[in-house]
Amino acid sequence: MSATRYAYLGPEGTFTEVALRTLPEAATRELVPMVSVPAALDAVRNGEAAAALVPIENSVEGGITATLDELTTGAPLMIYREVLLSITFALLVRPGTELSDIKTVTAHPAAQPQVRNWMAAHLPNAVWESSASNADGARLVQEGRFDAAFAGEFAAATYGLEPLVTEIHDAANAQTRFVLVGRPARPSAPTGADKTSVVIWLGEDHPGALLELLQEFAVRGVNLMLIQSRPTGEGIGNYCFAVDAEGHIADRRVGEALMGLKRICPNVRFLGSYPRAGVTPDEVRPLRIGTSDRDFTEASDWLARSQDGRV
């Protein structure tokens, strides 16, 4: 395995590259752009890279399905870190292009919901076609295959383009969440401000089946931050659920919730416990009474004393 290489969704000039460069260790790694999320993750699986940074969620459209599906169905990988990046777009064009000249526009599919209203107001007749990434869209504009691309303003110089319009976003304060993914190993130690990601497959489909899964978290005071259903590919109505929960697998409440899920689900895939981006332990909501590690330990000790006749 190349321990000095980090892969990312390329080509050069993507928001993913910008997010990756915010990590301190990126300065000492060879950063390798890949053509797609599956290609970036396969580079880790194949030992071509030690880790890969890929987008997994944005605050406008929700989960990035290409990443969720790849983490769900591909050979196991683990999340070790997350990065939050504020997103705003520029309309990149070849020099001399005016707004009235634009008939075709491209960008990554996740960009469309974030610029849809702006495009309807300013380019109502332009035809949209998705590209592999926003930077790849800029490259296609450079080659003359499209008139304009929505991408980061920083990508303009890389592809010899000009930002015709900047600060484009339908939703203020839009953010995208990226995750650093590597091969499975022991998670880093708890920080007090952590997140645990898993994928859960339903067993027998019956009324209340999803509620039974959620109760494993609820009764132990584990707050869910994301739950998204994804088809399993085994027919209509067959779903698995990607879940982000507050806390670390080493926390008793989280560990016991995962054990509870494993007892009742045909499959549970652990995707990692890792520090939450932009959150300190002091900012984490107080635990519900009875759900701290101390509470679990005291309850376990009480049960042991009861079993031994030492009540």
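If you go through segment 255-291 and keep only what is of a type in the set (Gly, Ala, Ser) and free of Cβ contacts under 8 Å to residues at least 24 places away in the same chain, you end up with just GLY255.
Look at GLY255 and say whether it is over 19 Å from TYR80 (Cβ atoms), open to solvent by less than 40 Å² (accessible area, probe 1.4 Å) and not in a strand (DSSP E or B). No.
GLU57 meets the conditions (1) within 24 Å of PHE89 (Cα to Cα); (2) among the acidic types (Asp, Glu); (3) modelled with pLDDT of 95 or more in every case but one. The failed one is (3).
Test ARG269 against the stated conditions and say whether it is basic (Lys, Arg) and more than 30 Å from VAL60 (Cβ to Cβ). No, not satisfied. In this structure, is ALA135 open to solvent by 50 Å² or more (accessible area, probe 1.4 Å), of a type in the set (A, V, I, L, M) and more than 16 Å from VAL60 (Cα to Cα)? No; evaluated as a whole, the condition is false for this residue. Restricting attention to segment 121-131, does a residue exist that is of a type outside the set (Lys, Arg) and within 18 Å of GLN175 (Cα to Cα)? No. Criterion first (touching a Ser or Thr at 6+ places or on another chain (Cβ under 6 Å) and of a type outside the set (Lys, Arg)) does GLY272 satisfy it? Taking the combined requirement at face value, the residue satisfies it.
Looking only at residues of segment 160-190 that are among the charged types (D, E, K, R) and closer than 24 Å to LEU53 by Cβ, we find that the one that is farthest from the chain's Cα centre (by Cα) is ARG186. Looking across segment 197-217, the residues that are over 23 Å from the mean Cα position of the chain (by Cα) and either closer than 12 Å to GLY260 by Cβ or free of Cβ contacts under 8 Å to residues at least 24 places away in the same chain (or both) come down to GLU204, HIS206, PRO207, GLY208, ALA209, LEU211, GLU212, GLN215, GLU216.
Considering only residues in segment 258-286 that are in a helix (DSSP H, G or I) and more than 22 Å from THR297 (Cα to Cα), the one that is least open to solvent (accessible area, probe 1.4 Å) turns out to be ILE264.
On inspection, ARG145 fails the criterion of being under 20 Å from THR14 (Cβ atoms), of a type in the set (Lys, Arg) and part of a strand (DSSP E or B). Taken over segment 154-193, the criterion of being aliphatic (A, V, I, L, M) and either without any contact (Cβ under 8 Å) to a residue 24 or more places away in the chain or at positive phi (or both) is satisfied by ALA157, ALA172.
The values are calculated or read from the model by the stated rules, or taken from the named source; none is laboratory data. The structure presented is a predicted model; accordingly, all values stated were derived computationally and were not measured. Cβ sites come from the backbone with ideal geometry, for glycine too, and all protein chains shown count toward neighbours. Surface accessibility is based on the protein's heavy atoms, side chains included, excluding ligands, DNA and RNA. Shrake-Rupley method; radii C 1.70, N 1.55, O 1.52, S 1.80 Å.
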